[in-house]
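Peer 1: Input: one structure, supplied below.
The values are calculated or read from the model by the stated rules, or taken from the named source; none is laboratory data. Bear in mind that the values here come from a model prediction, so they are computed numbers and not experimental data. As a convention, Cβ positions derive from the backbone with ideal geometry for all residues, glycine included, and neighbour counts pool all protein chains shown. For accessibility, only protein heavy atoms count, side chains too; no ligands or nucleic acids. Shrake-Rupley method; radii C 1.70, N 1.55, O 1.52, S 1.80 Å.
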Amino acid sequence: MERTLILLKPDAVQRRLIGSITSRFERKGLKVLAMKMMQISPELAAQHYDAHHGKPFYDGLVQFMTSGPVVALALEGNKAISVCRKLMGATFGCDAEAGTIRGDFGISDGFNLVHGSDSAETASRELELFFSPEEMIDYSLIDDSFNAAE
Ligand code: IDP
Ligand code: MG
């Protein structure tokens, strides 16, 4: 089982896509361990996107991510990190395949609706940035046995 951080970015909230996007992850079989709407501070955005510091799009990215509320989700499932990245699609909406979240809901480069951790290391780092351990609720779902890895 893996855990991953998903952020529904400000454009997803503004476009009233919270439910539509969250349902993509739910129907795939991921378990929601935590979910909260929040206004990201510039400091938190900087920590979260530390790896991109100095890149040409960095300042605009921090500005975008702090421009309005986001919804943070902690998701769990079999290979959750790569499964979520596949559901999200390629980084730019214009490149993302139809059937993916970014491919179905957007066409922009930077305003791409959703963030997902890209490795086990970043997932644990990012989950810690956005959730306290008590906020991630460990519970059973009745179909866990069908969604679990063999
Ligand atoms: P990812 O979100 O698919 O992991 P990253 O390369 O980690 O993509 O970039 C982080 C975020 O920075 C992207 O989701 C996007 O919002 C923004 N971004 C990345 N590259 C560009 C760019 O060339 N122009 C504008 N925004 C970009
Ligand atoms: Mg990334």
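Peer 1: Give me the angle, in degrees from 0 to 90, between the Cα long axis of helix 120-130 and the longest principal axis of the Cα atoms of the chain, rounded to the nearest 10.
Peer 2: With rounding to tens, the tilt is 70 degrees.
Peer 1: Would you calculate, for the chain, the mean residue ellipticity at 222 nm contributed by helices, counting each DSSP H stretch of 4 or more residues as -39,500 (n - 2.57) and dividing by all residues, to the nearest 500?
Peer 2: Rounded to the nearest 500, the figure is -10500 deg cm²/dmol.
Peer 1: If DNA, RNA and ligands are ignored and the probe is 1.4 Å, what is the ranking of His48, His53 by accessible area, most exposed first?
Peer 2: Final ranking, largest accessible area leading: His53, His48.
Peer 1: Need the full-extension length gain, Ser67 to Arg16, defined as separation in residues times 0.36 nm minus the C-alpha distance. One decimal, nm.
Peer 2: Gain in length upon complete extension: 16.8 nm.
Peer 1: Follow-up. Taking the chain as a Gaussian network, where each spring joins two C-alpha atoms under 10 Å apart, which residue of Gly93, Gly116, Gly19 fluctuates the most?
Peer 2: Comparing Gly93, Gly116, Gly19 in a Gaussian network model of the chain, the most mobile one is Gly19.
Peer 1: With each pseudo-label sitting 7 Å past Cα toward Cβ, what's the Ser145-Ser132 distance in nm, one decimal?
Peer 2: 3.6
Peer 1: Only sites in a loop by DSSP and with at most 12 other Cβ atoms within 10 Å count here; which chymotrypsin sites (Phe, Trp or Tyr not before Pro) in region 79-144 make the cut?
Peer 2: Filter output for region 79-144: Tyr139.
Peer 1: May I pose another question? Return the single residue from Ile137, Ile18, Ile81 with maximal mean-square fluctuation; model: Gaussian network over the chain, springs between Cα atoms under 10 Å.
Peer 2: Ile137
Peer 1: Using 7 Å Cα-to-Cβ label points, what is the Lys86/Glu26 separation (nm, one decimal)?
Peer 2: 2.2
Peer 1: Filter the trypsin sites (Lys or Arg not before Pro) in region 65-150 to those in DSSP coil with at most 15 other Cβ atoms within 10 Å of their Cβ, and list the result.
Peer 2: For trypsin sites (Lys or Arg not before Pro) across region 65-150 that sit outside H, G, I, E and B with at most 15 neighbouring Cβ atoms in 10 Å, the list reads Lys79.
Peer 1: Shifting gears a bit: Quote the accessible area belonging to His115 in square angstrom, nearest 10, computed with a 1.4 Å probe and with ligands, DNA and RNA left uncounted.
Peer 2: About 20 Å², ignoring ligands and nucleic acids.
Peer 1: Just the number, please: carbon plus sulfur as a percent of the accessible area of the chain, 1.4 Å probe, no ligands or DNA/RNA counted.
Peer 2: C and S atoms contribute 54 percent here.
Peer 1: On to the next question. Would you list, by chain and number, the lysines whose Cα falls below 16 Å from the Cα of Lys28, excluding same-chain residues fewer than 8 positions away?
Peer 2: Lys28 reaches Lys79, Lys86.
Peer 1: What GluC sites (Glu not before Pro) does region 25-128 have in DSSP loop regions with at most 11 other beta carbons within 10 Å?
Peer 2: Passing both the DSSP loop test and the Cβ count: Glu97.
Peer 1: Accessible area per residue of the chain at 1.4 Å probe, in Å²?
Peer 2: 55
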